[in-house]
1. Restricting to the range 76-90, give me the number of residues that are touching a residue at least 40 places away in the same chain (Cβ under 8 Å) and either touching a Ser or Thr at 6+ places or on another chain (Cβ under 7 Å) or among the aliphatic types (A, V, I, L, M) (or both).
2. For the range 106-122, check the following and say yes or no: at least one residue is of a type in the set (Phe, Trp, Tyr), at pLDDT below 90 and under 30 Å from residue 15 (Cβ atoms).
3. Any idea how many residues of the range 45-97 are in contact with a strand residue (DSSP E or B) (Cβ under 6 Å, 6 or more places away or on another chain) and open to solvent by 30 Å² or more (accessible area, probe 1.4 Å)?
4. Using the structure shown, decide if residue 89 is farther than 22 Å from residue 59 by Cβ, of a type in the set (Asp, Glu) and within 14 Å of the chain's Cα centre (by Cα).
5. Any residue at all in the range 63-83 that's of a type in the set (A, V, I, L, M), at pLDDT 90 or above and assigned to a strand (DSSP E or B)?
6. Looking at the range 31-44, is at least one residue surrounded by fewer than 17 Cβ atoms within 10 Å (Cβ to Cβ), out of contact with any strand residue (DSSP E or B) (no Cβ under 6 Å at 6 or more places or on another chain), among the acidic types (Asp, Glu) and at pLDDT 80 or above?
7. How many residues does the range 112-150 hold that are touching a Leu at 6+ places or on another chain (Cβ under 9 Å), open to solvent by 50 Å² or more (accessible area, probe 1.4 Å) and assigned to a helix (DSSP H, G or I)?
8. Please tell me if residue 152 is over 23 Å from residue 43 (Cβ atoms) and basic (Lys, Arg).
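The values are calculated or read from the model by the stated rules, or taken from the named source; none is laboratory data. Fair warning: this is a prediction, and the values are worked out from it, not measured in the lab. Reconstructed Cβ throughout: ideal geometry from the backbone, glycine too, with neighbour counts over all protein chains shown. Side chains included, ligands, DNA and RNA excluded: accessible areas come from the protein's heavy atoms. Shrake-Rupley method; radii C 1.70, N 1.55, O 1.52, S 1.80 Å.
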Amino acid sequence: MKDSKENELNKSLIQYVNFIRNAFSNMGGFPDELNNLTIFNRSELTEEEKHIFNTAYKKVKSKTFMKNCFLNSLQLSMADKTGSIKLVEGYAFKYIPMEHSWNTINGKLIDITFNISDNKTPYLGEFPEDTAYYGYVFDGLNLKDWYKFANKANDFSLLGISGRKFLGKY
C-alpha cells in the first residue's frame, strides 16, 4: 500500500509540473532545468552522510526560518565544505504542490525547512508518506556568487526571474 500511495503522489506531482510546463510554453518559455527533474525517493543517510550534514547544519541552524526554503537550502550547501551537499529546486507535494528548495547528498533528500515550524528534525533521506519531491540538482554552481546576486535582488529562487538572470537565461 505504501508504494502505491507514493507512486500516486509522484504521478500527481509530475502531472502538475507538466501542466506548469505547458502553461509556460504558451507564455514564451520554460526554464530548461525543469525539463530534467528527478523524483526523490526515501533512502536513509549513511553515518558518514549524517556527519557531513550535521557539520554543515550546525553552522546554519540558527539562520534558518520557516517559509524561507530557498535561502535555507542555499546556506546549507554553502556551509558544507566537502561539496557533498547540493542545492535542489523544484516542487514538493504535501496537500498541494508548491515550489520548494531542498538539498541532496549522494542523491538522498535533505529538507531543513519543511519541519521547521514544529521544531522537528529535518528530513534526512526519509520523509512522510504523504509527501513527494520532484526537483533539479544545481551541481557546479558558484554558490557564493549566486548568494551575492540573490541577496541584492532579495530573491533566492534559481528558477525565478533573478535566477534566470544570474544563469544568463532571461
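1. So the count comes out to 5.
2. yes
3. Selection size over the range 45-97: 5.
4. Judged against the criteria, residue 89 is not a match.
5. No, that holds for no residue.
6. Within the range 31-44 (the criterion being surrounded by fewer than 17 Cβ atoms within 10 Å (Cβ to Cβ), out of contact with any strand residue (DSSP E or B) (no Cβ under 6 Å at 6 or more places or on another chain), among the acidic types (Asp, Glu) and at pLDDT 80 or above), the answer is yes, since at least one residue qualifies.
7. Count: 1.
8. yes
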